[in-house]
1. Arranged from highest to lowest average of other beta-carbon atoms within 10 Å per residue, in what order do the peptides 170-182, 260-272 appear?
2. Measuring with a 1.4 Å probe in the full set of protein chains, what accessible area per residue, in whole Å², belongs to the chain?
3. Would you kindly compute the Cα radius of gyration of the range 200-296 and its largest Cα-Cα separation (Dmax), both in Å?
4. Relative to 2.2 N^0.38 Å, what does the C-alpha radius of gyration of the chain come to as a ratio? Two decimals please.
5. Leaving out ligands, DNA and RNA, and with a 1.4 Å probe, what % of the accessible surface on the range 174-309 is carbon or sulfur?
6. Calculate what fraction, in whole %, of the accessible area of the range 22-105 sits on carbon and sulfur atoms when a 1.4 Å probe is rolled over the protein chains.
7. R0 = 41 Å: FRET efficiency of Lys4 with Asn237, Cβ-based, nearest 0.05?
8. Ignoring everything except DSSP H segments at least 4 long, calculate the 222 nm mean residue ellipticity for the chain; use -39,500 (n - 2.57) per segment, divide by total residues, nearest 500.
Amino acid sequence: MDAKKFIEEKVKEIKETVGDKKALVALSGGVDSSTTTALAHRAIGRRLIPVFIDDGLMRVGEAHRVKDFFKKLGIKVRIVIDRREFFTATATDPEVKRRKFRRTFYRMLGRLARRYKAKFLLQGTILTDIEETKRGVKTQHNVLEQMGIKPKRFNLPPVIIEPLKELTKNEVREVARELGLPPEIYDRMPFPGPGLGTRVLGKLSPQRVNIVRKATTIVEGELAQFKPFQAFAVLLNDRATGMKKGKRHFGNIIVIRSVESTDARTATPSQIPWEALQKVQQRICKEIPSVSRVLYDLTPKEPATIEYI
Ligand code: XMP
């Protein structure tokens, strides 16, 4: 792929499609939605309405980090806070949980499109998202039309524009670099749209998401020096017996997941030095007292996938 040519073509396409109307883009701050936003902004400028949905499933300080970052690029991001709906739409079964997230997410985008009078929806769906959803591996939150789902079902604008849908993750990074985005965007670890919702097994609650949010900050911070493709924490839907000050402590179990990959189609576990893993364990148990056990996941994709649901 020639990134320069790709950008020229997509900018032209977006301009022609949107015309003098407005388009809405849901920006999570990940590589794909950030690249889509920068690309579309180049095409239609202020007629692009980027929204960051603060659904309570994002990482620490993410909403303001994204808003401030895009402000420096001259792009205004609106933060929309709605946590209740996302915590209500939860389930134990992973696929039901993913579909409920998708429904809540798109209904909200439908309402926002009407509020901002946006006639188009832009989204950063990439090739792997589509491939995995079509193959039935998992329902990625942002795959609709490829699964025969009409935008009308969620009251969305009738036309969804997906400029990155033929690209893999490493190609998206090339486009981001060519667009002039800094390494903090194009080198950023992928973060799934349903956010920490994919990292809490079982039903979501603000308390359980908070545990995984704190653990995520520790894992990301401690492992950043090894530049993994993706590193995060997962909260299991079970507990394990441990000991605290000599007394029984039936606590939470956190898994550390760190993988190497180029396109997320396959992945291998990162070979993290033992000392670094120990430090992550010590910090998690100290800073999150409800945790009694920390594990490191050794499984490649396949037979595992990167995320746990
Ligand atoms: P898996 O877990 O299938 O993930 O190996 C492959 C890549 O996709 C990310 N991922 C998602 N991204 N919406 C997204 O935007 C989703 O629903 C979703 N599920 C997984 C995952 O983090 C990994 O980089």
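1. Most protected by this proxy first, the peptides run 170-182, 260-272.
2. 48 Å²
3. For the range 200-296, the Cα-based Rg and Dmax read 13.8, 46 Å.
4. 1.01
5. Solvent-exposed carbon and sulfur of the range 174-309 make up 53 percent of the total.
6. Reported share for carbon and sulfur atoms: 52 percent.
7. With R0 = 41 Å, the Cβ-Cβ based efficiency is 0.30.
8. So the helix-based figure for the chain works out to -12500 deg cm²/dmol.
The values are calculated or read from the model by the stated rules, or taken from the named source; none is laboratory data. Source: prediction; values computed, not measured. Positions of Cβ are generated from backbone atoms using ideal geometry, with glycine treated the same way; all protein chains shown enter the neighbour counts. Just so you know, the surface numbers come from the protein's heavy atoms only, side chains and all, with ligands and any DNA or RNA stripped out. Shrake-Rupley method; radii C 1.70, N 1.55, O 1.52, S 1.80 Å.
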